[in-house]
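Just so it is clear, none of the values below were taken in a lab; they were calculated from the coordinates. Keep in mind it's a predicted model, so treat the numbers as computed, not measured. Virtual Cβ from ideal backbone geometry, glycine too; neighbours counted across all protein chains shown.
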Amino acid sequence: MGVSCQTFFVSNYELGATLSSGQAFRWRPSDSGGWRGVVGRRWVRLTQTSGAILAETPLPCSDWDWLVDYLQLRIDLDLVLATFPDEPPMRAATDACRGLRLLRQDPWECLASFILSSTKQIVQIQQIVDVLCNCFGSRIPTLEKDREAFSFPDAGRLAQADETELRACKMGFRAPYLLGTARAVANGDIDLAKLGYLPIEEARAQLMELPGVGRKIADCVLLFAYGFQKAFPVDVWILRALKSLYFPRRKLKIVRVHAFATSHFGPYGGYAQQYLFHHMRLALPGRRSKHQASQRVAPTI
DNA sequence: GCCCAGGTGAAGC
DNA sequence: GCTTCACATGGG
């Protein structure tokens, strides 16, 4: 009935890397070879061909701005890459994957997802988000038979849940954090729609008022949802990498790392961070032996 | 069984 | 102030 599809011509866009690089958690490889996911209340299938991305959605669609914005198709990546520091680690990361992009996600979904991310592997975050959407989201139409999909539950819906229901979604100790934040958003203690217009420091401070949101998760939301491209999330992997690359054998305070990162990686530090993060992760999935896992050393970059 | 995972908040010095 | 620890759950 209302099926819509659209082709977007792109260059330097690695769709798979972008959708699976740990910034969004609702994309899976599709049976047909592309990627299936949910953006807002739309199920979408994206397929990359040479020089283009094909988008298919079961709902009628005449205006594709929502997807152009989500995929950040108008970004001139070369301009971004040119601002990176010219040094071996960055070159290695950009050589390994030219075309990794930052998405522009819905702030609430991004915030809630990253609250669930703490001390979880990306695969597990995906699983938790899946269960959460199945339990609390609304069913939406798909283009794949026998595969149902659900929207990401809004803050108001989760605010009505109780902690036990959330824990049933396998999120463990994160349940009270998500619940508290959902209630703060739902009752207007914080206005997510306004954060994007604030200076980054103020937006970050407001996010960090929320339960379960510290510096790292706040930076993820600033970067992946609001497009503050200077935001530089420092997780365990980035921390190890920066230590071994720039501060070998020195005890390091985290504030020092943030100061270094913001000055060293330039105005698109968030992009640089994502390239470094993705590059490190490339050496990981499935290839990680018990021996390597116990070494506590950042992969060589 | 053990260690780790895109951390945070609270308790202990 | 800074350091240490608990917090659920699942994978390697």
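Results, tabulated for the structure shown:
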{"read-out": "Neighbour-limited loop hits for GluC sites (Glu not before Pro), the stretch A:86-153 (at most 16 other Cβ within 10 Å; DSSP other than H, G, I, E, B)", "value": "A:GLU144, A:GLU148"}
{"read-out": "Helical mean residue ellipticity (222 nm; -39500 (n - 2.57) per DSSP H run of 4+; nearest 500) of chain A", "value": "-12500 deg cm²/dmol"}
{"read-out": "Size-normalised alpha-carbon gyration radius of the stretch A:76-224, reference 2.2 N^0.38 Å", "value": "1.19"}
{"read-out": "Point-charge dipole on Cβ atoms (K/R +1, D/E -1) for the stretch A:18-70, about Cα centre, debye to 20", "value": "260 debye"}
{"read-out": "Local electrostatic count at A:THR262 - Lys and Arg +1, Asp and Glu -1, tallied over other residues with Cβ under 13 Å", "value": "+2"}
{"read-out": "Residues A:THR7 and A:ARG167, FRET efficiency given R0 of 51 Å [Cβ-Cβ distance, rounded to 0.05]", "value": "0.70"}
{"read-out": "Over chain A, equivalent-ellipsoid semi-axes from the Cα gyration tensor in Å", "value": "29, 25, 19"}
{"read-out": "Local electrostatic count at A:GLY172 - Lys and Arg +1, Asp and Glu -1, tallied over other residues with Cβ under 15 Å", "value": "+2"}
{"read-out": "Alpha-carbon gyration tensor eigenvalues x 5, square-rooted, for the stretch A:178-231, Å", "value": "18, 12, 9"}
{"read-out": "Interatomic Cα distance distribution for the stretch A:162-287, bins of 5 angstrom, percent", "value": "2, 10, 17, 18, 16, 16, 12, 6, 2, 0"}
{"read-out": "Assigned charges on the beta-carbon of Lys, Arg, Asp, Glu; the stretch A:76-224 dipole about Cα centre (debye)", "value": "340 debye"}
{"read-out": "Separation of the A:LYS253 and A:ASP76 label points, Cα + 7 Å toward Cβ, nm", "value": "4.0 nm"}
{"read-out": "Pairs from A:LYS120/A:LYS253; A:LYS170/A:LYS216; A:LYS194/A:LYS253; A:LYS120/A:LYS251; A:LYS194/A:LYS251 whose Cα-Cα separation, in the structure shown, is over 29 Å", "value": "A:LYS194/A:LYS253; A:LYS194/A:LYS251"}
{"read-out": "Full-extension gain in nm, A:TRP66 to A:MET208, via 0.36 nm per residue minus C-alpha separation", "value": "48.3 nm"}
{"read-out": "Within the stretch A:1-61, chymotrypsin sites (Phe, Trp or Tyr not before Pro) in DSSP loop having at most 14 other beta-carbon neighbours inside 10 Å", "value": "none"}
{"read-out": "Which of A:VAL185, A:VAL236 has the fewest Cβ neighbours within 10 Å, and the rest in rising order", "value": "A:VAL236, A:VAL185"}
